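Below you'll find the structure, written out as structure tokens, and then a few comments.
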Amino acid sequence: MKIKHVSISILALVAALSLSGCETTGSSPEVSGGNVKYGDSKAVETLTNEFGSTDLQTIAEAMSRSMVQSRVIIAGNRPLVTVSEVKNKTSEYIDTKSITDSIRAQLLKSGAVRFAVDIDAMKTQTDELMRQNNSGLYKKTTQKKVGNMQGADYRLEGNITSIVKRAGDVKDVYYKFSLQLVDIENGVIEWADEKDIRKTSGR
Amino acid sequence: MTPLFRVLAAVLLLVGIAGPAANAAGIEDKIEIMGQLKDVKVVEIQARVRNGLLFVQTEMENLSPNTQQVFYRIKWLEESGFQAWDDEAWKTLVLYGHQRQTLVSSAPTPMAKDFRVILHTKGKDQQETDRDTNTSFKY
């Protein structure tokens with residue numbers, strides 16, 4: 001009975017693969033339907049003039065490398081930073097959170113700074129604390145106490161702007177990404193840097 | 001590069017007082033060229049340790065009168081030769097005719113003690129296409 005059930009399942013799988021046009025070859029671990037292929041995720045992308053993966057990667061790399069050289073980071077006490085808003089002042093949709101996420105990931109990986117949860121993650125953080133302390137489901141000894149969250153020393157904020165010009169068939173886009181590190185207690189800007197990118201295309 | 005010079009260069013690099021420039025043999029050890037690097041020359045590579053981070057300065061020269069585009073990235077290595085960081089994004093460098101351009105790159109982590117400058121140019125076919133269609137300004 002069980003063998004019959006397995007046989008039916010295999011037959012169904014073979015039929016599904018046949019119908020979807022997938023191909024498997026004995027010589028490579030690939031199931032391919034034709035035009036799909038993996039590429040170099042770090043390649044220079046110049047398909048269009050719009051903000052792209054290369055711009056995101058270049059900005060994140062430049063900003064994180066610059067910030068770890070700032071005086072407050074070099075001091076070596078791994079300051080606590082929170083990510084504030086990076087305003088998109090361009091005319092196109094740009095996911096600025098994705099840029100700051102990449103910057104944060106690189107900075108954390110370098111070990112030079114620590115990050116406190118930002119505003120977006122605060123609700124999840126407080127919900128978890130409340131659940132552990134108020135639901136009655138957790139052992140007292142493992143509950144994480146309310147009132148121990150650490151306030152960030154610095155706030156990371158910035159903006160991205162663009163200037164777009166067209167002349168005949170030529171389109172020129174200039175992006176400028178600015179980032180600054182602000183001391184939350186006294187409001188002093190301790191570090192700032194910019195990365196600019198020019199992309200020109202013609203038909 | 002003789003074994004003695006290699007050791008001396010490595011020691012100087014580690015303590016952050018490497019000489020002003022690698023010699024020709026030293027440059028060859030530090031660059032990896034993918035594809036053709038026609039009419040683009042790596043003139044000088046310098047390395048310094050500043051605040052615990054390795055800095056690399058690469059000077060390149062366009063030997064031709066035409067604008068050229070070079071793709072580059074740095075591979076950061078630990079002392080043991082293991083890669084110290086993920087692959088960097090490829091970056092574009094535009095070199096105008098006969099221009100000398102200096103690139104300064106800083107290591108993302110103090111664990112990086114050595115480096116390779118990886119250079120890549122467009123394939124010959126693509127360069128010819130760009131010239132023919134007069135779109136070499138696209139970058």
* Structure fact -> Exactly one of A:123, A:87 is of a type outside the set (Gly, Ala, Ser), touching an Asp or Glu at 6+ places or on another chain (Cβ under 9 Å) and either away from every other protein chain (no Cβ under 14 Å) or part of a helix (DSSP H, G or I) (or both), and that residue is A:87
* **Which listed residue is surrounded by 15 or more Cβ atoms within 10 Å (Cβ to Cβ), of a type in the set (Gly, Ala, Ser) and modelled with pLDDT under 95, from B:19, B:26, B:35** => B:26
* Structure fact -> Cβ pairs under 9 Å, 6+ apart or interchain, first in region A:52-67 and free of Cβ contacts under 8 Å to residues at least 12 places away in the same chain, second of a type in the set (Asp, Glu) and in a loop (DSSP other than H, G, I, E, B), ordered by first then second residue, are A:52/A:45; A:54/A:45
* Selection count where residues are touching a strand residue (DSSP E or B) at 6+ places or on another chain (Cβ under 8 Å), closer than 18 Å to residue B:87 by Cβ and not polar (S, T, N, Q), scope region A:33-85 -> 6
* Of the conditions (1) in contact (Cβ under 8 Å) with a residue 60 or more places away in the chain; (2) surrounded by fewer than 16 Cβ atoms within 10 Å (Cβ to Cβ), residue A:170 fails just one. Which one is it? -> (1)
* What is the residue count in region B:47-75 for residues that are more than 14 Å from chain A (Cβ to nearest Cβ) and more than 23 Å from residue A:58 (Cβ to Cβ)? -> 5
* **Among (1) closer than 30 Å to residue A:145 by Cα; (2) touching a strand residue (DSSP E or B) at 6+ places or on another chain (Cβ under 7 Å), the one test that residue A:124 misses** => (2)
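Somewhere in region A:174-197, is a residue within 14 Å of chain B (Cβ to nearest Cβ) and small (Gly, Ala, Ser)?
Within region A:174-197, not a single residue is within 14 Å of chain B (Cβ to nearest Cβ) and small (Gly, Ala, Ser).
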* Output the number of the condition that residue A:134 fails; it satisfies all remaining conditions of (1) farther than 22 Å from residue A:85 by Cβ; (2) under 17 Å from the mean Cα position of the chain (by Cα). => (2)
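The values are calculated or read from the model by the stated rules, or taken from the named source; none is laboratory data. Computed from a predicted structure; not experimentally measured. Glycine gets a Cβ as well: all are built from the backbone with ideal geometry, and neighbour counts include every protein chain shown.
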